[in-house]
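Below is one structure, written out as structure tokens; comments come after it.
The values are calculated or read from the model by the stated rules, or taken from the named source; none is laboratory data. This structure is a prediction, so every number in the text was calculated from the model and none was measured. Backbone-built Cβ (ideal geometry, glycine too); neighbour counts: all protein chains shown.
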Amino acid sequence: MPSEPSDTARSVPARAYAERRAARAASAAEAAARMDRLSAWRLAAFLAFLAVAGLSAGAGLFSPWFVLAPVLAFVYLVALFESARGRKLWAERAAAFYETNLARLNGKAPAGAPNGARLAPPEHPYAEDLDLFGPGSLFERVTACRTLAGETLLAEWLLAPARPAEVKARQEAVADLAPRLDLREALAVAGSDVPAADYAPLAEWGNAPSEPAAQWKRWAIEALGWANVLAWFGWLFAGSGVLPVLACGFALAVLALPMVGWARRVLKPLDRAAERLALLEAVLARFERERFTAPRLNDLQRAMTANGLSAAQQIGELRRILNWFDSRRNPMFIPVAVLRAWDVRFGYIFEEWRARSGPKVIHWLRAVAECEALASLAGFAFDNPADIFPQVADGPVSLEAEGVSHPLLSAEVAVRNDVRLGAGAARVLIVSGSNMSGKSTLLRAVGTNAVLALAGGTVRAKRFALAPVSLGATMRVQDSLQAGKSRFFAEVTKVRLLLDITSRPGAPPLLFLLDELFAGTNSADRVAGAEGVVRALLSAGAVGFVTTHDLSLTAVTDQIPGAANVHFCDGFAGGELHFDYTMRPGVVPHGNGLALMRAVGLKV
């Protein structure tokens, strides 16, 4: 099936992104100009302060109280300057967000974009074969997560197909989120501009057994701390003598020093966490106040406000407590922190917060992670308005795709094909064809769209219907010098893994994508081995594809019920190969190997 123009559909997100990028860039420029004006006024207020101070103190023309006017003006201008700087930073990050989305629409990954390579599991049935992780991967194209929990959950969805009811719930949520560009912008610029934040230590701390200490000691330390400060103030500035200093200091030391170890155990997991908490607070607050229609999103909102506690408010309180606690790092504040037994005092405050809200942190993080994963799929759906939600329903194993192409290829150039497996059609397609004709791309297109479909996302097709399936592929099987494995041995091992999947209790039927099966052995063994594998897979209820250069393998369709031949072909003219990337029934009528060798100057 020829490719169809989709300029109009693709121009919708591109136009929205370009307009918003320009608006945010203008806002940043306006804020920068305001900062310049405020800097000038701030300098003028400072000079006015010097003039008034000189004329009042030196010349005696004014009362010293007149100095307050330029001081207050300076403080007010500083506050306005900081506000303008915040708006400038927000606008610049928003403009960068839209610049990133425009780059993605053009098939370019922004520098430093998360690609999930660290999330790729070893020995997975299809992750590496379908380029789910790493540079140029599906994960890199889809993710918009700000937290490590969100990235991890999105990866889990791509790695483990969901059941139809779960797919339906996610589809409803993705459809609800897709047009909410303001929400996705807010999530992108929320909090500090930090890499995907890891909140697992916070969740572990919140869930850890509480270590309560006697409450009377808390209030005694609080009172003695203030008494200590007043005693030192009296000794240094009021001539009250050193005895109160020694008495208060000794009493506080006797009470607080034995509790320092307890306080440090409570406080250590929270060390330097305030910056990350600002991001979590902002993301939670933005999700909490949005009005959703999808049931799944409403459920997630309720999880963020369980028992009348707003997750954003609780995290905000923890952040503010941490900021106060971290003030002990300020050299000017260290004496006060020492005199008030700062660590022990805040050990009580944090323990109180943990007793009230700590066990809920893990549930808040799960809700945020799911919202982020859904928002990532929604952003991908918004970027590709011609894509559709697939039909995923229980029933006999089948896949029917009309006008399917690879979701990471440009819609303007990708060639679409129709595919049917099971439900009255062939259960395995033997795909023959020459080099570069499109065989492997077809398998990746079907497999990657199946991953998106079973994760709850949209797919690149006019129609896409499938029953729940497991996935397995042998498309990037490599030899390993370190492990001492040949490519053929690695492929045999991978095929064994796929056969094992078909025997797992309760596992959905397998959709297999076998590319150049057993190419590392001789033709006779390849045909015999491939026939045996296909028979075993079909007898286990699987459906799928097998590509081949070896036309002798196409004869297995005469021996295996439910197998059919399809092919991709090419033409050679003017010293160049030409492909139409269109799948046709039957066996490819010719190869292109000799023509290609001659085209590059080999005498064959």
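Go through segment 389-411 and give me each residue that's farther than 22 Å from Phe139 by Cα and among the small types (Gly, Ala, Ser).
Scanning segment 389-411 gives Ala393, Gly395, Ser398, Ala401, Gly403.
Any chance segment 263-272 includes a residue that's over 25 Å from Val194 (Cα atoms) and surrounded by fewer than 15 Cβ atoms within 10 Å (Cβ to Cβ)? Walk me through how you get there before you give the answer.
Here is the first cut: in segment 263-272, the ones over 25 Å from Val194 (Cα atoms) are 263-266.
Remaining after also requiring surrounded by fewer than 15 Cβ atoms within 10 Å (Cβ to Cβ): 264-265.
There is at least one residue in segment 263-272 that is over 25 Å from Val194 (Cα atoms) and surrounded by fewer than 15 Cβ atoms within 10 Å (Cβ to Cβ).
Condition check: under 29 Å from Glu412 (Cα atoms), among the β-branched types (Val, Ile, Thr) and touching a Leu at 6+ places or on another chain (Cβ under 8 Å). Does Thr152 satisfy that?
no
Is there any pair with a first residue in segment 493-517 that is without any contact (Cβ under 8 Å) to a residue 12 or more places away in the chain and a second that is not small (Gly, Ala, Ser) whose Cβ atoms are under 8 Å apart and which are 6 or more apart or on different chains, and what are they?
Pairs that qualify, where the first residue is without any contact (Cβ under 8 Å) to a residue 12 or more places away in the chain and the partner is not small (Gly, Ala, Ser), are Thr493/Lys485.
Going through segment 503-515 one residue at a time, which ones are at pLDDT below 90 and touching a helix residue (DSSP H, G or I) at 6+ places or on another chain (Cβ under 8 Å)?
Once the filter is applied, which keeps residues that are at pLDDT below 90 and touching a helix residue (DSSP H, G or I) at 6+ places or on another chain (Cβ under 8 Å), segment 503-515 yields Ala507, Asp515.
Where residues in segment 176-226 are modelled with pLDDT of 85 or more and β-branched (Val, Ile, Thr), which of them is farthest from Val361 (Cα to Cα)?
Of everything passing the filter in segment 176-226, Ile221 is farthest from Val361 (Cα to Cα).
Yes or no: segment 220-234 includes at least one residue that is in contact with an Asp or Glu (Cβ under 6 Å, 6 or more places away or on another chain) and surrounded by 13 or more Cβ atoms within 10 Å (Cβ to Cβ).
Here is the first cut: in segment 220-234, the residues in contact with an Asp or Glu (Cβ under 6 Å, 6 or more places away or on another chain) are none.
No, segment 220-234 contains no residue that is in contact with an Asp or Glu (Cβ under 6 Å, 6 or more places away or on another chain) and surrounded by 13 or more Cβ atoms within 10 Å (Cβ to Cβ).
Given the structure, is Glu281 crowded, with 17+ Cβ neighbours inside 10 Å, under 30 Å from Gln171 (Cα atoms) and under 26 Å from the mean Cα position of the chain (by Cα)? Lay out the reasoning, then the answer.
Details: crowded, with 17+ Cβ neighbours inside 10 Å: yes; under 30 Å from Gln171 (Cα atoms): yes; under 26 Å from the mean Cα position of the chain (by Cα): yes.
Considered against the rule, which asks whether it is crowded, with 17+ Cβ neighbours inside 10 Å, under 30 Å from Gln171 (Cα atoms) and under 26 Å from the mean Cα position of the chain (by Cα), Glu281 comes out as yes.
Name every residue in segment 328-356 that is charged (D, E, K, R), part of a helix (DSSP H, G or I) and either touching a Phe, Trp or Tyr at 6+ places or on another chain (Cβ under 8 Å) or farther than 19 Å from Ala214 by Cβ (or both), in order of residue number.
Of segment 328-356, the ones charged (D, E, K, R) are 328-329, 340, 343, 345, 351-352, 354, 356.
With the extra rule that they be part of a helix (DSSP H, G or I), the set shrinks to 328-329, 343, 345, 351-352, 354, 356.
The answer is Arg328, Arg329, Arg354.
Would a scan of segment 289-296 turn up a residue that is outside any loop (DSSP other than H, G, I, E, B), assigned by TED's automatic domain parsing to the domain that holds Val254 and in contact (Cβ under 8 Å) with a residue 40 or more places away in the chain?
Here is the first cut: in segment 289-296, the residues outside any loop (DSSP other than H, G, I, E, B) are 289, 295-296.
Okay, now just the ones that are also assigned by TED's automatic domain parsing to the domain that holds Val254, so 289, 295-296.
When the remaining residues are screened for being in contact (Cβ under 8 Å) with a residue 40 or more places away in the chain, the result is 295-296.
Checking segment 289-296: at least one residue is outside any loop (DSSP other than H, G, I, E, B), assigned by TED's automatic domain parsing to the domain that holds Val254 and in contact (Cβ under 8 Å) with a residue 40 or more places away in the chain.
Residues checked against (1) more than 30 Å from Leu409 (Cβ to Cβ); (2) among the aliphatic types (A, V, I, L, M); (3) at pLDDT 95 or above; (4) in the same structural domain as Arg93 (by TED's automatic domain parsing):
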site: Val12; (1), (2), (3), (4): no, yes, no, yes
site: Arg15; (1), (2), (3), (4): no, no, no, yes
site: Ala26; (1), (2), (3), (4): yes, yes, yes, yes
site: Glu30; (1), (2), (3), (4): yes, no, yes, yes
site: Ala33; (1), (2), (3), (4): yes, yes, yes, yes
site: Leu47; (1), (2), (3), (4): yes, yes, no, yes
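Could you tell me whether Trp41 is farther than 30 Å from Ala186 by Cβ, in a helix (DSSP H, G or I) and among the aromatic types (Phe, Trp, Tyr)?
Considered against the rule, which asks whether it is farther than 30 Å from Ala186 by Cβ, in a helix (DSSP H, G or I) and among the aromatic types (Phe, Trp, Tyr), Trp41 comes out as yes.
Output the residue which, of all residues in segment 1-10 that are surrounded by fewer than 17 Cβ atoms within 10 Å (Cβ to Cβ) and not polar (S, T, N, Q), is modelled with the highest pLDDT.
Only one residue tops the list, namely Ala9.
With the requirement that a residue be β-branched (Val, Ile, Thr), surrounded by fewer than 21 Cβ atoms within 10 Å (Cβ to Cβ) and under 31 Å from the mean Cα position of the chain (by Cα), what does segment 328-378 give you?
Matches in segment 328-378: Ile362 only.
Look at segment 407-436 and say how many of its residues are closer than 18 Å to Arg476 by Cα and assigned to a loop (DSSP other than H, G, I, E, B).
Here is the first cut: in segment 407-436, the ones closer than 18 Å to Arg476 by Cα are 408, 431, 435-436.
Subset that is assigned to a loop (DSSP other than H, G, I, E, B): 408, 435-436.
Selection size over segment 407-436: 3.
Do the conditions hold for Ala117, that is, is it among the hydrophobic types (A, V, I, L, M, F, W, C) and within 16 Å of the chain's Cα centre (by Cα)?
yes
Might you let me know whether segment 537-546 holds any residue that is crowded, with 20+ Cβ neighbours inside 10 Å and farther than 19 Å from Ala423 by Cβ?
yes
Please go through segment 304-327 and pick out each residue that is closer than 21 Å to Ala173 by Cα and surrounded by fewer than 18 Cβ atoms within 10 Å (Cβ to Cβ).
Result: Thr305, Ala306.
Identify the single condition in (1) within 30 Å of His578 (Cα to Cα); (2) in a strand (DSSP E or B) that Leu471 does not satisfy, given that it satisfies every other one.
The single condition Leu471 does not satisfy is (1).
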